[in-house]
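K.L.:
Pasting in a structure now, in structure tokens, and then I'll have a few things to ask.
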Amino acid sequence: MHSEEKKTGKADRTKPGFLGPLFSVLAAFVILISVIASYRNILNSGLQFDDTVEIEGNDLIKDLKNIPQLLKGRRGVAMASFALNYAAFGHDAASYHAVNIIIHIINAILAYLVALSTLRLSGIEEEDAKKVSALSAVIFALHPVQTESVTYIIQRMEGLSALFYLSGVFLFIKGASRQTTLQGMPFYAGLLLCYWLGFYSKEVAITMPAVIILYDFFFFSRFSVKGVLKRRLVHAVMILMLAFFLKGAFSIVGVPVVETAMETARDVSEPSAGFGMKSIGPVQYALTELNVVVYYITLLFFPANQNIDYDFPVSKGLFALPELNSGAVLNIPIPPPFASLLLVSLFIAFAFYLSGRAKGVLCRQPVGLTGGSTVFKGNPAHGANPALAASFFMFWFFIVLSPTSSIVPIADVMAEHRLYLPSLGVFVVACLGLNRLTKKVFKDDGKAGAAVFYIVIIAAIVGLSTLTYRRNLVWKDNISLWGDVLKKTRSKARAYNNLAKAYMDAKKYDLAIPLLKSALSIDRNFEEIHFNLGVSYYNTGQFDLAKKEFKATVGIGEILLKRSKVKRPRMLLPARVYLANTYFITGEHEDAVKEYTRLLNSGGVDPTSTAGLRYNLSLSYRELGRLEEAKKELTEILSQNPGDIEAMRILMGIEGLKTKSKKH
């Protein structure tokens, strides 16, 4: 502290602090440069897994006229952003990655502003507030756990949701800091807009009212419910919006929901999330999430063995040791959920303790306004004010994480992108602790303590940037990505199938076949595996084996068609096309005719593909001597495309055969 502060025991809030306003500009610049340096290698990465389905294969985003329709759907704001991206750059993967990087940079700067505003409201010295906020934002920006939310294009949903969430919190701080409610109204209007945009980017933003009310209770109302009620209008509107959002979200917990290919690797009647799931119930999921939450925290401190498809063990009982699948690689042993329950309870109890400690001091002190901002004039040396901020950010972690780590089951019990926004809470608490530690250790030499803190910031930039850059190398393509998964996840058919699919895309069918066989040994009812294996056999000339797999795909697809609400299972139609073509190649023309006829009568075939089917059907008819039927199919082709020379040539050949037949 400065000499004046030592006498009064209070931080001088009128002084500009370290580097004055230039510090925040410098912090933003450091975030910008370090993020670009850490993520520059992803600009050479292509579309990954879900990206090909949700972006490349999504016709709706290819026309800006569809934006109103996109906005009406789930995650419509994020999907509309993909439409804008496509309108500007088409399917250029680098452009999608660049937008994701920009969103992440904005989020890191917003994280700095929210943390700084919060620490200032807690009465923390200006220099300490800036140091802690800067380090927290740098870690948020560069931590390798964030790569799944930035590098994985489809997870722009997570990044956009966080952008509007952080913007909403910051706008609330600005609005509540105004002298009158009327002055704060423009900021509150912005907050409500951010809540809407955040929820329709991704549903995890649904917790924003809880965070806003808690923020008001802690920092503006001084633990007074009456104080919170002063802003009851904005809180009431947010709660009404919450009720509206929850009404729509009931589809998530009650009926089948198509999330992404990552969460629904096959067409099944079971939902990918919600109480309708059969593979995992709410009790099992809640027990599993206790362990997941603890694992998340360890991952933030020790980001090793990262995985896009974790093989995390499901817990069967509170005191039962979860069974780890063979080949699963995790950072720590997974304990019975009871042990994790104790740890989580201790974390939450400590958050309550810190808030109680802060309340005990702050409620005995006056509240002042400095530049329109509420300031708790406590003694920073007492530790109550940092405790208030630490308590809030601990609650932040659990509140923001709660939609995916509660009792509502989700098919994938763990995913790194779910940590994106919650992680900020852990980072701020850790940096507050580090700041407190350095001040204690160097209490007689404040300059030395500050120097150590800045060394930590530099080390964080270098170390985390290196880890993030290396992690992004895994995202180079699907072969490297799913090859990495199989080093850590050996019991999931999806991992084998996706690596095999990557090899198939590279025309390396011989490498795909053994992987697909391994996948079938885990799950024989996974229709996509049968289909991919059939295609691999087909392209390596093993037609008898290919037929077997295509028949299996069709059989599973027909069962799914009867059992589920899916209009047409994904692989059913392409499997029939391949099966018909295989019959044609092997000379089984009777079977080929049956399959081609069934396909053409189904009404589900893309019009651009019907000509090819009719062409092969006409050839099968010709081989069977059914010349009139062959002629009919060729005539149909020519009615759609009069310039089809090949069809005309075959038709002339058939006419010649008919003439010869008449002569004989």
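The values are calculated or read from the model by the stated rules, or taken from the named source; none is laboratory data. Predicted model only: the values in this text are computed from it and were never measured. Glycine gets a Cβ as well: all are built from the backbone with ideal geometry, and neighbour counts include every protein chain shown. The protein model used for the area step is the full one, side chains on, heavy atoms only, and it has no ligands, DNA or RNA in it. Shrake-Rupley method; radii C 1.70, N 1.55, O 1.52, S 1.80 Å.
K.L.:
Given the criteria open to solvent by 20 Å² or more (accessible area, probe 1.4 Å), assigned to a helix (DSSP H, G or I) and modelled with pLDDT under 95, does P386 qualify? Walk me through how you get there before you give the answer.
P.N.:
On the way: open to solvent by 20 Å² or more (accessible area, probe 1.4 Å): yes; assigned to a helix (DSSP H, G or I): yes; modelled with pLDDT under 95: yes.
Here the answer is yes, as P386 does meet what is asked.
K.L.:
Open to solvent by 20 Å² or more (accessible area, probe 1.4 Å), at pLDDT 85 or above and in a loop (DSSP other than H, G, I, E, B): which single residue out of L330, L421, L346, L342 fits that description?
P.N.:
Numbers: L421 fails: open to solvent by 20 Å² or more (accessible area, probe 1.4 Å); L346 fails: in a loop (DSSP other than H, G, I, E, B); L342 fails: in a loop (DSSP other than H, G, I, E, B).
Only one candidate qualifies: L330.
K.L.:
In segment 486-525, what count of residues is obtained for those that are in a loop (DSSP other than H, G, I, E, B), open to solvent by 50 Å² or more (accessible area, probe 1.4 Å) and more than 21 Å from L330 (Cβ to Cβ)?
P.N.:
4
K.L.:
Looking at this structure, is V169 in a helix (DSSP H, G or I) and free of Cβ contacts under 8 Å to residues at least 60 places away in the same chain?
P.N.:
Working: in a helix (DSSP H, G or I): yes; free of Cβ contacts under 8 Å to residues at least 60 places away in the same chain: yes.
When the stated conditions are applied, V169 passes them.
K.L.:
Being among the aromatic types (F, W, Y) and under 19 Å from the mean Cα position of the chain (by Cα) is the filter here; which residues of segment 37-94 pass it? If you could, list the steps in order and put the result at the bottom.
P.N.:
Within segment 37-94, the first condition is being among the aromatic types (F, W, Y), and the residues that meet it are 39, 49, 82, 86, 89.
The answer is Y39, F49, F82.
K.L.:
Go over the candidates F398, F392 one by one and state the one that is at pLDDT 90 or above and out of contact with any helix residue (DSSP H, G or I) (no Cβ under 6 Å at 6 or more places or on another chain).
P.N.:
Within the list F398, F392, the selection yields F398.
K.L.:
Please indicate, with yes or no, whether at least one residue in segment 526-540 is in contact (Cβ under 8 Å) with a residue 24 or more places away in the chain, in contact with a helix residue (DSSP H, G or I) (Cβ under 9 Å, 6 or more places away or on another chain), among the β-branched types (V, I, T) and open to solvent by 30 Å² or more (accessible area, probe 1.4 Å).
P.N.:
Scanning segment 526-540 turns up at least one residue that is in contact (Cβ under 8 Å) with a residue 24 or more places away in the chain, in contact with a helix residue (DSSP H, G or I) (Cβ under 9 Å, 6 or more places away or on another chain), among the β-branched types (V, I, T) and open to solvent by 30 Å² or more (accessible area, probe 1.4 Å).
K.L.:
Follow-up. Kindly indicate which of A162, A189, A115 is open to solvent by 10 Å² or more (accessible area, probe 1.4 Å) and within 31 Å of the chain's Cα centre (by Cα). Quick ask: steps written out before the conclusion?
P.N.:
Numbers: A162 fails: open to solvent by 10 Å² or more (accessible area, probe 1.4 Å); A115 fails: open to solvent by 10 Å² or more (accessible area, probe 1.4 Å).
Result of the check over A162, A189, A115: A189.
K.L.:
Six or more apart or on different chains, Cβ atoms under 7 Å: show the pairs whose first residue is in segment 56-68 and on the phi < 0 side of the Ramachandran plot and whose second is of a type in the set (G, A, S).
P.N.:
Listed by first residue and then by second, the contacts come to I61/A83; L64/A83; L64/A87; N66/A83; I67/A80; I67/A83.
K.L.:
Quick check on this structure: which one of R178, R222, R232 is open to solvent by 20 Å² or more (accessible area, probe 1.4 Å), charged (D, E, K, R) and without any contact (Cβ under 8 Å) to a residue 40 or more places away in the chain? Outline the logic, then answer.
P.N.:
Values: R178 fails: without any contact (Cβ under 8 Å) to a residue 40 or more places away in the chain; R222 fails: without any contact (Cβ under 8 Å) to a residue 40 or more places away in the chain.
Within the list R178, R222, R232, the selection yields R232.
K.L.:
Okay, moving on. Step by step: first the residues of segment 635-650, then only those that are open to solvent by 50 Å² or more (accessible area, probe 1.4 Å) and of a type in the set (A, V, I, L, M, F, W, C), then the one that is farthest from L619 (Cα to Cα). Which residue is that?
P.N.:
For segment 635-650, the residue satisfying everything is I645.
K.L.:
Give segment 480-522 a look and list any residue that's of a type in the set (V, I, T) and more than 22 Å from the chain's Cα centre (by Cα), or say none. Talk me through it step by step, then tell me what you get.
P.N.:
To start, the set of residues in segment 480-522 that are of a type in the set (V, I, T) comprises 485, 489, 513, 522.
Once the filter is applied, which keeps residues that are of a type in the set (V, I, T) and more than 22 Å from the chain's Cα centre (by Cα), segment 480-522 yields I513, I522.
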